[in-house]
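Reviewing the structure listed below.
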Amino acid sequence: MANSHEKFLEELKKRLIIFASFFALIFIVTGLFSKKILSLVLNPNIIGNINLVTLSPHENATIIIYLILLIAIILSLPLLMYQSLMFIKSALTKKERTTLLLISIGFLPLFILGVAFGLFLTKIIILPFLSNLVIDAGISNSWSVTQFVKFFVTICLGMGLAFQMPLVIFFLVKTRILQVTTIKKMRKYVFISLAVFAALITPPDIFSLTIVLIPLFLLFELSLLISKLIKS
């Protein structure tokens with residue numbers, strides 16, 4: 001019993017060291033390119049007619065560290081999922097291991113796709129709408145760079161997480177936790193949950209919320225369809 005407990009702790013320590021080392025490496029490498037990353041986020045093609053300003057001496061350093069940490073976490077998540085799978089694999093059936101492995105593989109591509117879609121919504125629709133609201137009144141758009149980056153990242157990161165919906169539904173259906181028909185019956189509750197989620201990642205206006213909510217609900221319906229086809 002004692003040997004089994006020691007083996008468990010040793011395996012956990014091994015997995016944590018691998019993840020922590022990888023995370024530290026990604027954090028350092030990302031830090032080396034921090035200025036380029038910041039310039040990409042604050043690209044004139046994205047910010048349009050918005051004038052970005054810093055409001056405190058430490059704001060520049062804070063926003064760079066924020067971006068580096070965020071990117072390091074995102075890029076480390078697939079490894080965290082894989083290490084977690086390897087740690088608990090002995091307690092899983094072959095079918096469950098295969099399902100979780102597929103989810104681990106699909107996480108990053110879907111996340112990148114979601115972030116790209118969030119970038120599209122932000123750049124093409126939401127930002128122009130918000131920034132042009134006061135132009136006719138002769139008011140210029142001078143926004144805090146920290147608030148802008150957090151606004152930008154929240155929508156893109158939120159959409160990246162939302163695009164994991166097909167994987168979540170696939171897991172629930174594949175492991176028989178829920179049936180497709182059961183999830184369909186929960187559609188109205190899902191819609192309310194998606195509306196709350198959209199409200200959390202968008203500015204407090206009905207236009208931005210609607211622009212984000214519609215694709216999320218369509219993604220839910222598409223996830224159901226794909227899960228049904230796979231199940232059959």
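Is at least one residue of region 81-91 within 24 Å of the chain's Cα centre (by Cα), among the basic types (K, R) and in a helix (DSSP H, G or I)?
no
Cβ-Cβ under 7 Å, sequence separation 6+ or interchain: first residue in region 37-50 and without any contact (Cβ under 8 Å) to a residue 40 or more places away in the chain and of a type in the set (S, T, N, Q), partner surrounded by 11 or more Cβ atoms within 10 Å (Cβ to Cβ) and not in a helix (DSSP H, G or I). Which pairs?
none
Kindly provide the set of residues from region 186-232 that are assigned to a loop (DSSP other than H, G, I, E, B) and touching a residue at least 12 places away in the same chain (Cβ under 8 Å), ordered by number. Even if it seems obvious, please write down each step before you answer.
Our first condition is that a residue be assigned to a loop (DSSP other than H, G, I, E, B); within region 186-232, this holds for 186, 202-205, 232.
Scanning region 186-232 gives T202, P203, D205.
Results for (1) crowded, with 16+ Cβ neighbours inside 10 Å; (2) out of contact with any strand residue (DSSP E or B) (no Cβ under 8 Å at 6 or more places or on another chain); (3) more than 23 Å from M165 (Cα to Cα), shown as yes or no for each residue.
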| site | (1), (2), (3) |
| --- | --- |
| K14 | no, yes, yes |
| L25 | no, yes, yes |
| K35 | no, yes, yes |
| N51 | no, no, yes |
| T62 | no, yes, yes |
| I71 | yes, yes, no |
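Among the listed residues F19, F23, F8, identify the single one that is over 24 Å from the mean Cα position of the chain (by Cα), more than 19 Å from V149 (Cβ to Cβ) and aromatic (F, W, Y). If you could, list the steps in order and put the result at the bottom.
On the way: F19 fails: over 24 Å from the mean Cα position of the chain (by Cα); F23 fails: over 24 Å from the mean Cα position of the chain (by Cα).
Exactly one residue qualifies, and that residue is F8.
Could you please give the count of residues in region 105-124 that are over 14 Å from the mean Cα position of the chain (by Cα) and under 18 Å from K174 (Cα atoms)? Reasoning before the result, please.
If we filter region 105-124 for residues that are over 14 Å from the mean Cα position of the chain (by Cα), which is where we start, we get 105, 120-124.
Subset that is under 18 Å from K174 (Cα atoms): 105.
Final tally of qualifying residues: 1.
Residues that are over 20 Å from L100 (Cα atoms) and in a helix (DSSP H, G or I): does region 136-144 have at least one? It would help to see each step written out before you state the result.
If we filter region 136-144 for residues that are over 20 Å from L100 (Cα atoms), which is where we start, we get 136-144.
If we keep only those that are in a helix (DSSP H, G or I) too, we end up with 136-137.
The answer is yes; a qualifying residue exists.
In region 118-148, which residues are touching a strand residue (DSSP E or B) at 6+ places or on another chain (Cβ under 9 Å) and surrounded by 14 or more Cβ atoms within 10 Å (Cβ to Cβ)?
Scanning region 118-148 gives L127, L130, S131, N141, W143, S144, V145, F148.
Go through (1) in a loop (DSSP other than H, G, I, E, B); (2) at pLDDT 85 or above for G158 and report which single condition fails.
It fails just one condition, (1).
Check S131, S76 and return the single one that is small (G, A, S) and in contact with a Gly (Cβ under 7 Å, 6 or more places away or on another chain). Break it down into steps so the answer makes sense when it comes.
On the way: S76 fails: in contact with a Gly (Cβ under 7 Å, 6 or more places away or on another chain).
Being small (G, A, S) and in contact with a Gly (Cβ under 7 Å, 6 or more places away or on another chain) holds for just one of S131, S76, which is S131.
From L110, L55, which residue is among the aliphatic types (A, V, I, L, M) and either surrounded by 15 or more Cβ atoms within 10 Å (Cβ to Cβ) or part of a helix (DSSP H, G or I) (or both)?
On the way: L55 fails: either surrounded by 15 or more Cβ atoms within 10 Å (Cβ to Cβ) or part of a helix (DSSP H, G or I) (or both).
Going through L110, L55 in turn, just one is among the aliphatic types (A, V, I, L, M) and either surrounded by 15 or more Cβ atoms within 10 Å (Cβ to Cβ) or part of a helix (DSSP H, G or I) (or both): L110.
Of the residues L100, L133, L79, L108, only one is out of contact with any His (no Cβ under 9 Å at 6 or more places or on another chain), farther than 20 Å from L219 by Cβ and without any contact (Cβ under 8 Å) to a residue 60 or more places away in the chain; which?
Step by step, each of L100, L133, L79, L108 is checked, and only L133 is out of contact with any His (no Cβ under 9 Å at 6 or more places or on another chain), farther than 20 Å from L219 by Cβ and without any contact (Cβ under 8 Å) to a residue 60 or more places away in the chain.
Can you list residue pairs whose Cβ atoms sit under 7 Å apart, with the first residue in region 168-183 being over 20 Å from G106 (Cα atoms) and among the aliphatic types (A, V, I, L, M) and the second being assigned to a helix (DSSP H, G or I) and at pLDDT 85 or above? Count only pairs 6 or more apart in sequence or on different chains.
These pairs meet every condition: V180/L224; I183/I169; I183/L224.
The values are calculated or read from the model by the stated rules, or taken from the named source; none is laboratory data. Please read all numbers here as calculations on a predicted model, not as lab measurements. Positions of Cβ are generated from backbone atoms using ideal geometry, with glycine treated the same way; all protein chains shown enter the neighbour counts.
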